[in-house]
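Please read the structure below before turning to the comments.
The values are calculated or read from the model by the stated rules, or taken from the named source; none is laboratory data. Since this is a predicted model, take the numbers as computed values, not measurements. Virtual Cβ from ideal backbone geometry, glycine too; neighbours counted across all protein chains shown. Calculation scope for accessible area: heavy atoms of the full protein, side chains included, ligands and nucleic acids excluded. Shrake-Rupley method; radii C 1.70, N 1.55, O 1.52, S 1.80 Å.
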Amino acid sequence: MPLPFEAGPFRMAMGLVGRPMAEMIAIDGDYPAQMALRRALLAERHEAVFAAVPGTEAARGAALAAVADVLCAAHPAWFAREAGRLHNRLTGEAWRLDALPCDSLEVAARLVQEDLCIVAPEADGPRLVAGAVCFPSHWDLREKLGRPLAAVHRPVPVYPERLARPVDRLMVELKPGRLVERLNWGVVEDDVLHRPAGHGRIAANPAITAENAATALFLRVERQTLSRLATGDVLFTIRVHVRALGETIAPGAVSARLAAAIRALPPEMERYKSIRPFRAAVLSWLDRRAAA
């Protein structure tokens, strides 16, 4: 699990790192459980986790093609195209590519642990035009669909001033065949993956103390990638990792680093990340662990 937080002054930046295209998709031991949850959400809460603007069919098909290309090239023992079908040997599924049973972007979302969004770089600015988002971190796809990225990210503190223009520019200038990655982090009160709400909470949670923070709190990390589709649109992937703090934050330097990162958060970002309800408890636990 990546640990993207850093000590030092808070910086609001894209923090992009170039990666090989083969690293767009990551598969780990959580695959069976997470894919089962994704299938359940797509079956039971389809309108909440899948949406697309009409006219984006070609982009959605290109997203499936891009995901399939990466899977078959990077994991040939598990994924293969054979006789017009895309085989997933991890689940035993086979998708007939010329007669898909559901939307092509949904099929892609049924293959990988990543959530998938499509951004169209339109004349008036890039817009979120399609998504299969089963594991959102405090946002609702239905509220964001069709909106410019600046509006999608309006609740994020400092985004309009610091990131809106660079992000919009990236959506236009990202070169075909290039994959870039960035990481986000937060501390949350459970390991639930599907979290469409919860930003901006400030009420204290007395149930969380320095004594139980190791098991009551969780580090939630998003690994995001962006790449250009054959249609010219941008595929945005979001892979969520969630682990109890006690499992991920080692004693000593790592604990000190997370404590410093939390203390460096401006008040508006601390509120946005909903850390206020347990800030004192988690800092007390981290300080003890840093000194261990």
Going through the DSSP H helices of the chain, which span 24 Å or more along their own axis at the Cα atoms while scoring at least 0.0 as a mean Kyte-Doolittle hydropathy? 57-74
Result for the range 101-182: accessible area per residue, probe 1.4 angstrom, in square angstrom, of 40 Å²
Just check the range 89-202 against the gyration tensor rule for me: Cα atoms, a ≥ b ≥ c as the square roots of the eigenvalues, rounded for a/c under 1.5, and otherwise prolate or oblate depending on whether a/b exceeds b/c. oblate
Helix-derived mean residue ellipticity, 222 nm - over the chain, DSSP H n ≥ 4, -39500 (n - 2.57), to 500: -9000 deg cm²/dmol
Assuming a ≥ b ≥ c are the square roots of the Cα gyration tensor eigenvalues, decide whether the chain counts as rounded (a/c under 1.5), prolate (otherwise, with a/b larger than b/c) or oblate. prolate
Taking trypsin sites (Lys or Arg not before Pro) as candidate sites, keep only those in a DSSP loop with at most 14 other Cβ atoms within 10 Å, then name the longest stretch of the chain containing none of them. 179-292
Tell me, what is the FRET efficiency for Leu90 and Ala7 to the nearest 0.05, using R0 = 30 angstrom and their Cβ-Cβ distance as r? 0.20
Heavy-atom accessible area of the chain with neighbours in place, 1.4 angstrom probe: carbon+sulfur share in percent works out to 54 percent
Residue-span extension gain [Val254 to Ala204] - 0.36 nm each, minus C-alpha spacing: 15.4 nm
Rank Ala150, Leu37, Ala132 by how far each Cα sits towards the positive end of the charge dipole of the chain (+1 on Lys, Arg Cβ; -1 on Asp, Glu Cβ) and give me just the farthest. Ala150
The range 1-127 - percent relative contact order, Cα under 8 Å, separation 6 or more: 26 percent
For the range 160-292, with only Lys/Arg (+1) and Asp/Glu (-1) charged at the beta-carbon, what is the dipole magnitude about the Cα centre, in debye rounded to 20? 300 debye
So what is the relative contact order of the range 171-292, in percent, for Cα pairs below 8 Å that sit 6 or more residues apart? 34 percent
